[in-house]
1. Among the residues of region 57-69, is any assigned by TED's automatic domain parsing to the domain that holds Ile130, over 21 Å from Gly157 (Cα atoms) and without any contact (Cβ under 8 Å) to a residue 60 or more places away in the chain?
2. Could you say which residue among Ser68, Ser17 is among the hydroxyl-bearing types (Ser, Thr, Tyr), exposed (fewer than 11 other Cβ atoms within 10 Å of the Cβ) and either touching a Ser or Thr at 6+ places or on another chain (Cβ under 7 Å) or modelled with pLDDT under 65 (or both)?
3. Given the criteria in the same structural domain as Val163 (by TED's automatic domain parsing) and outside any helix (DSSP H, G or I), does Tyr98 qualify?
4. What is the one condition in (1) in contact (Cβ under 8 Å) with a residue 40 or more places away in the chain; (2) surrounded by 14 or more Cβ atoms within 10 Å (Cβ to Cβ); (3) out of contact with any strand residue (DSSP E or B) (no Cβ under 6 Å at 6 or more places or on another chain); (4) of a type outside the set (A, V, I, L, M) that Phe124 does not satisfy?
5. Considering only residues of region 71-99 that are touching a Gly at 6+ places or on another chain (Cβ under 9 Å), surrounded by 18 or more Cβ atoms within 10 Å (Cβ to Cβ) and not aliphatic (A, V, I, L, M), which is farthest from Ile158 (Cα to Cα)?
6. What are the residues in region 34-75 that are assigned to a strand (DSSP E or B), over 22 Å from Ala108 (Cα atoms) and among the polar types (S, T, N, Q), if any?
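The values are calculated or read from the model by the stated rules, or taken from the named source; none is laboratory data. Note that this is a predicted model, so its numbers are computed, not measured. Here the Cβ positions follow ideal geometry from the backbone for every residue, glycine too, while neighbour counts run over all protein chains shown.
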Amino acid sequence: MKKLIIIAIALLVILLSSSLYTVNETQVAIKLRLGEIVSVENKPGLKFKTPFVNNVVSFDKRIQTLDSAAESFLTVEKKNVVVDSYVKWRIVDTEKFYISTGGAMASANLRLAQNNQDALRTEFSKRTIIEVVSDEREAIMATVKTKLKTIAEDEFGIEVIDVRIKRIELAQEVRNSVYSRMETERKSIANKFRSEGAEEAEKIQAFADKERTIILANAYRDSEKIRGEGDAISASNYAEAYSQDVDFYSFYRSLESYKKSFSDQGDILVLNPDSEFFRYFNPSK
């Protein structure tokens with residue numbers, strides 16, 4: 001009798017444990033009956049099911065990261081670039097996700113990765129290397145995200161949250177070609193700036209030379225004017241002094257001439273003693 005009671009209790013425990021299941025806060029669960037979806041459990045807690053009839057499949061409803069393997073794409077110039085990207089996604093329609101992927105997260109990642117690679121390949125084939133490396137990287141990610149978002153929601157019940165390109169790497173020969181082109185462009189810009197600078201320098205130099213010439217001409221004109229005025233005043237003073245005492249003025253001027261003529265000891269002047277120059281050396285005069 002005791003054995004029967006123990007067996008009955010054990011069976012009851014097994015039956016009870018088979019009737020209960022738990023949904024965590026990070027999970028969403030699908031209850032199936034003989035492979036057919038009965039309900040979707042989104043709220044966490046302890047749930048009930050019919051033993052041996054219902055089975056439960058749980059999925060992680062948190063944001064997932066699909067880190068795609070780096071792949072080579074051709075640009076519009078038929079140059080290879082190696083692109084490394086990732087996709088952030090999460091389940092929003094659990095029933096559609098289960099039907100489309102069979103409930104396998106690996107299958108969802110594989111199909112999403114294929115669509116991501118196709119979208120990237122299309123976008124890179126429309127652009128040059130310079131554009132994908134620097135100018136239009138953000139535009140590529142936005143376009144790929146829009147394409148994936150539509151496909152993922154319609155076909156897999158997945159919401160694509162973000163698409164990011166981690167790295168774009170060029171083949172060595174392509175790198176050399178790109179760097180050479182960039183160097184040529186930068187040299188062209190530098191030469192343009194140098195040419196414009198030289199032209200501007202010549203303009204400034206010509207303007208400065210013109211201003212210098214004008215200033216010197218004006219200064220010479222003013223100096224000549226001042227000199228002329230000084231000579232006029234000097235002549236006027238001499239004339240006034242001469243008119244006041246003609247004999248003294250004549251004597252003074254003769255002394256000045258003697259001083260200039262015999263400034264050095266070795267100076268020799270050959271003149272007639274009776275000349276006007278020696279008039280003040282001759283007592284009779």
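1. Yes, the conditions are met somewhere in region 57-69.
2. Ser17 is the lone residue from the list that is among the hydroxyl-bearing types (Ser, Thr, Tyr), exposed (fewer than 11 other Cβ atoms within 10 Å of the Cβ) and either touching a Ser or Thr at 6+ places or on another chain (Cβ under 7 Å) or modelled with pLDDT under 65 (or both).
3. Against the criterion (in the same structural domain as Val163 (by TED's automatic domain parsing) and outside any helix (DSSP H, G or I)), Tyr98 does not qualify.
4. Of everything listed in (1) in contact (Cβ under 8 Å) with a residue 40 or more places away in the chain; (2) surrounded by 14 or more Cβ atoms within 10 Å (Cβ to Cβ); (3) out of contact with any strand residue (DSSP E or B) (no Cβ under 6 Å at 6 or more places or on another chain); (4) of a type outside the set (A, V, I, L, M), Phe124 misses just condition (3).
5. Here is the first cut: in region 71-99, the ones touching a Gly at 6+ places or on another chain (Cβ under 9 Å) are 91-99.
Then drop every residue that is not surrounded by 18 or more Cβ atoms within 10 Å (Cβ to Cβ), which leaves 91, 94, 97-98.
Of the ones still in play, those that are also not aliphatic (A, V, I, L, M) are 94, 97-98.
On the way: Thr94: 8, Phe97: 7, Tyr98: 11 Å.
Checked region 71-99; the qualifying residue farthest from Ile158 (Cα to Cα) is Tyr98.
6. Within region 34-75, Asn54, Ser72 qualify.
Rundown of residues vs (1) over 15 Å from Leu148 (Cα atoms); (2) among the basic types (Lys, Arg); (3) outside any strand (DSSP E or B); (4) in the same structural domain as Thr143 (by TED's automatic domain parsing), yes/no style:
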| site | (1), (2), (3), (4) |
| --- | --- |
| Leu32 | yes, no, no, no |
| Gly103 | yes, no, yes, yes |
| Ala106 | yes, no, yes, yes |
| Leu120 | no, no, yes, yes |
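Matching residues to (1) farther than 12 Å from Val81 by Cβ; (2) not acidic (Asp, Glu):
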{"site": "Gln114", "(1), (2)": "yes, yes"}
{"site": "Glu131", "(1), (2)": "no, no"}
{"site": "Asp135", "(1), (2)": "yes, no"}
{"site": "Ala139", "(1), (2)": "yes, yes"}
{"site": "Thr150", "(1), (2)": "yes, yes"}
{"site": "Phe156", "(1), (2)": "yes, yes"}
{"site": "Val160", "(1), (2)": "yes, yes"}
